[in-house]
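This is the structure I have questions about; it appears just below.
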Amino acid sequence: MFKLFMYILGIIFTSVGIFFTLIYLNLLSMGYSIFDFGKFIIKRLEFWFIIIGLICLVISLERLIKNELLL
């Protein structure tokens with residue numbers, strides 16, 4: 001049950017983070033350089049949702065038994 005919750009939470013966080021990062025790409029058309037955009041996006045909470053979501057996904061997909069031989 002915990003792994004299912006972490007999987008769903010990871011998908012939601014990653015989706016929200018990617019969605020807002022794509023929206024912020026409009027700043028490039030308003031005259032921001034790539035360097036300015038990078039500095040701006042790293043400071044935003046929505047960007048860190050991508051990292052948090054990926055960590056949740058890795059935790060949820062980790063197998064409990066690592067030494068089992070699966071054929």
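I'd like to verify a number: residues in segment 48-62 that are closer than 13 Å to I12 by Cα and either of a type in the set (G, A, S) or modelled with pLDDT under 90 (or both), how many?
Residues meeting the conditions: 1.
Moving on to the next point. For segment 7-36, give me each residue that is more than 29 Å from I59 (Cβ to Cβ) and surrounded by 15 or more Cβ atoms within 10 Å (Cβ to Cβ).
Y32
Just one of the numbered conditions (1) over 30 Å from M1 (Cβ atoms); (2) assigned to a helix (DSSP H, G or I) is not true of I59; which one?
Just one mismatch for I59, condition (1).
When you check I65 against the structure, is it of a type in the set (V, I, T) and either at pLDDT 90 or above or touching a strand residue (DSSP E or B) at 6+ places or on another chain (Cβ under 9 Å) (or both), yes or no?
Details: of a type in the set (V, I, T): yes; either at pLDDT 90 or above or touching a strand residue (DSSP E or B) at 6+ places or on another chain (Cβ under 9 Å) (or both): no.
Criteria not met by I65.
In addition: Do you know which residues across segment 13-27 are in a helix (DSSP H, G or I) and aliphatic (A, V, I, L, M)? If you could, list the steps in order and put the result at the bottom.
Keep residues of segment 13-27 that are in a helix (DSSP H, G or I), which gives 13-24, 26-27.
Result: V16, I18, L22, I23, L27.
The values are calculated or read from the model by the stated rules, or taken from the named source; none is laboratory data. On a predicted model such as this, the values are computed, not experimentally measured, just so you know. FYI the Cβ positions are ideal-geometry reconstructions off the backbone, even for glycines, and counts take in every protein chain you see.
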